[in-house]
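Data block below; observations after.
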Amino acid sequence: MATDTAQATIPETVFVDEIDGCDTSGNGTEATPFKSSIKALEAKGDNIKIQLKKDAEGFKEISGAALKKAKKGLVEQQKKAKKLAEQQAKENADLKKKQEDEAKALEYAKSIKLTEDKSLPNAEKIKIRQSVASRGKRVKVSGWVHRLRVQGKDMMFIVLRDGSGYLQCVLTGKLCHSYDAVTLTNESTVSVWGVIQELPEGKTAPDQHELIADYWEIVGKAPSGDDAFNNKVTPDADPSYLLDNRHLVLRGETASAVLRARAEVIKAFRAFYEEEHFTEVTPPCMVQTQVEGGSTLFAFNYYGENAYLTQSSQLYLETCLPALGDVFCLAESYRAEKSHTRRHLSEYSHLEAEMAFIEFKDLLDHLEDMMCFVIDRVLADEETSKLVMQLNPDFKKPERPFLRMEYKDAIAYLKENDIKKEDGSYYEFGEDIPEAPERVMTDKIGRPIFLTHFPAEIKAFYMQKVPSDRRVTESVDVLMPGVGEIVGGSMRMDNRAELLEAYGTAGIDPAPYYWYTDQRKYGTTPHGGYGLGVERFLAWLLNRYTVRDCSLYPRFTGRCTP
Ligand code: 4AD
């Protein structure tokens, strides 16, 4: 018995190496020492002898002072741990209570049933765009919860969106207590009844008024948590993720403003043609002829035959001239562009027009008139002008007349301004001016440019040659600062023999083009036209970085969804 007691009180030797030891994997032996004396005391208790290594001199018995300090340190550490554990327990209890309170509140909220006060006047169902005219009357408005702000238990502000505008709705008292109210999320759909009142000075909301609700109902709830709209669509998300979620992005203020402006711009184009007595036609998208070169054709199998998605409706528009006079169309064009640039789409909205009995100058004048008409019209409309200013606050209507510059002068300009090719040489007459130098020149000049008279060999086969200099064509590209080419147009060859020769030069079999060639056989006429890329025009007008932002669901290399 006495021996046992003696053995129990023999202090264990514990090794601490302050340089190479470890408090997590060490066990106090000489081979795997602890790092700190506090850990040694904590793990092995008081009845130990500590062998301490502080430097290269090796293990030595710990000094009395150091042991005292370590013991004090352990007590402090234990106190701290206890305090932390108590704090954690309190936090857990608080959280539990909060969750229980919330669950109780939700249970209580479920018991609150909102009912419409039938003694109130009947509500007129309106769209938000009618809200200014509907002030003071009881109305019912339905839409999506664009923004939601809860202020205390008895007040909620909903900015409602219905596609026609935004309207702030104020819910108070019991209206904020129902289950739907306390669980309401952004992008849920709701109907709100109440009276629209003008806001007093100093307060702001869309249209300077708000709907004071007397009743509301949920129509469809949107998710909360990770799946919540605001967690899915964030402005700093990866562009490709945003394109995958374009269906949600479209609901945002910027994307929807672009689409709304787009609709108004298209209306303005149509208004111009209406005023000029052009007839709108709807040419086919499935074709068996090329217009702008074989390299960008999208081919497909058409009942066993080769067919393409149209690159341009120009050839069809030309055939309409004898039947309808001046014509235009707004159709999708398709280009299998390999280039991954911010101005190229695989499918784009192509506005094309064709005019008979005109000269090249008439074509240029018409183009300038058309663009200026559209800009004037868009800016004259209060709502559309607001959209343009929201998206492009610095927009200024371009000065007339637009600069007209011949291709040969552009070649000279590039030389004078030291704009070179990648290999360091200058562009020479006859060479295509690619996108990059064209953009540098356009941005430097800083105003719309009608670049004309391109050499025949760098342009499409159908372009009319200038009679006094048959090296060049009666062709025009309209270049805009920030975007580059937005329009391509020309006079068309009206001589049948010349056209047949041009097919040969371009390596095109004339047979499938008989219907196009026939225009020169059955009453030919000087004529010309152009194609305008709607997304490019919008990118310029609305100052969008890429044409992709101006398309509803953009298609480009590698993207054909959603
Ligand atoms: O210059 P392009 O190729 O001309 C034609 O297609 C003519 N047949 C049109 C005509 O005379 N009826 O294209 C005309 C315009 C360009 O200026 C550009 O704005 C747009 O169409 N465009 C594109 N837009 C977006 N993505 C693309 N890949 C585009 N390719 C051309």
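The values are calculated or read from the model by the stated rules, or taken from the named source; none is laboratory data. This structure is a prediction, so every number in the text was calculated from the model and none was measured. Glycine gets a Cβ as well: all are built from the backbone with ideal geometry, and neighbour counts include every protein chain shown.
Hey, among the residues in the range 515-531 that are more than 14 Å from the ligand (Cβ to nearest atom) and outside any helix (DSSP H, G or I), which one's nearest to the chain's Cα centre (by Cα)? Across the range 515-531, the extreme among qualifying residues is P526. Has the range 444-462 got at least one residue that is more than 30 Å from L315 (Cβ to Cβ) and touching a residue at least 40 places away in the same chain (Cβ under 8 Å)? Yes: one or more hits. Scoring M493 on the criteria (1) touching a residue at least 40 places away in the same chain (Cβ under 8 Å); (2) within 16 Å of the ligand (Cβ to nearest atom) leaves a single failure, condition (1).
Taking the range 492-514 as the range and being among the acidic types (D, E) and outside any helix (DSSP H, G or I) as the test, the residues that pass are D494, D509. For the range 466-483, the set of residues classified as touching a helix residue (DSSP H, G or I) at 6+ places or on another chain (Cβ under 8 Å), crowded, with 20+ Cβ neighbours inside 10 Å, modelled with pLDDT of 95 or more and not hydroxyl-bearing (S, T, Y) consists of V472, E474, V476, V478, L479, M480, listed by residue number.
Selection of first residues in the range 526-541 that are touching a residue at least 24 places away in the same chain (Cβ under 8 Å) and of second residues that are near the ligand (Cβ under 6 Å from one of its atoms) and in a helix (DSSP H, G or I), restricted to Cβ pairs under 8 Å at least 6 apart or on distinct chains, gives the following pairs, ordered by first then second residue: G529/Q314; G531/Q314; G533/V547; E535/V547; R536/V547; L538/V547; A539/V547.
Across the range 430-487, the number of residues qualifying as more than 11 Å from the ligand (Cβ to nearest atom), more than 20 Å from R400 (Cβ to Cβ) and hydroxyl-bearing (S, T, Y) comes to 2.
Once the range 339-384 is narrowed to residues that are in contact with a His (Cβ under 9 Å, 6 or more places away or on another chain) and part of a loop (DSSP other than H, G, I, E, B), the residue that is farthest from the ligand (Cβ to nearest atom) is F357.
The residue list G143, G136, G152 contains one member that is loosely packed, with under 13 Cβ neighbours inside 10 Å, in the same structural domain as T172 (by TED's automatic domain parsing) and modelled with pLDDT of 95 or more, which is G136. Restricting the range 271-296 to residues that are buried (at least 16 other Cβ atoms within 10 Å of the Cβ) and of a type outside the set (A, V, I, L, M, F, W, C) leaves a set whose member that is farthest from the ligand (Cβ to nearest atom) is Y273. Checked against (1) out of contact with any strand residue (DSSP E or B) (no Cβ under 8 Å at 6 or more places or on another chain); (2) surrounded by 12 or more Cβ atoms within 10 Å (Cβ to Cβ), K97 meets all criteria but (2).
Residues that are among the aromatic types (F, W, Y) and crowded, with 16+ Cβ neighbours inside 10 Å within the range 297-309 comprise just one, Y308.
In this structure, does P437 turn out to be in a loop (DSSP other than H, G, I, E, B), under 30 Å from the mean Cα position of the chain (by Cα) and closer than 25 Å to R342 by Cβ? No: the conditions fail for P437.
Counting the residues of the range 532-542 that are within 6 Å of the ligand (Cβ to nearest atom) and in a helix (DSSP H, G or I) gives 2. If only one of E337, E347, E332 is in the same structural domain as P398 (by TED's automatic domain parsing), of a type in the set (D, E), surrounded by fewer than 22 Cβ atoms within 10 Å (Cβ to Cβ) and modelled with pLDDT under 95, which one is it? Unique residue meeting the criteria: E337. Considered as a group, the residues in the range 52-82 that are closer than 24 Å to E30 by Cβ and under 60 Å from the mean Cα position of the chain (by Cα) include one that is surrounded by the fewest Cβ atoms within 10 Å (Cβ to Cβ), and that residue is G73. Quick check on the range 310-325. Is at least one of its residues assigned by TED's automatic domain parsing to the domain that holds L538, more than 11 Å from the ligand (Cβ to nearest atom), crowded, with 19+ Cβ neighbours inside 10 Å and of a type outside the set (F, W, Y)? Yes, there is a match, as at least one residue in the range 310-325 is assigned by TED's automatic domain parsing to the domain that holds L538, more than 11 Å from the ligand (Cβ to nearest atom), crowded, with 19+ Cβ neighbours inside 10 Å and of a type outside the set (F, W, Y). For L184, indicate whether it is assigned to a helix (DSSP H, G or I) and under 23 Å from E107 (Cβ atoms). So L184 does not fit the description; no.
For L242, the conditions (1) in the same structural domain as S312 (by TED's automatic domain parsing); (2) surrounded by 13 or more Cβ atoms within 10 Å (Cβ to Cβ); (3) assigned to a helix (DSSP H, G or I) all hold with the exception of (1).
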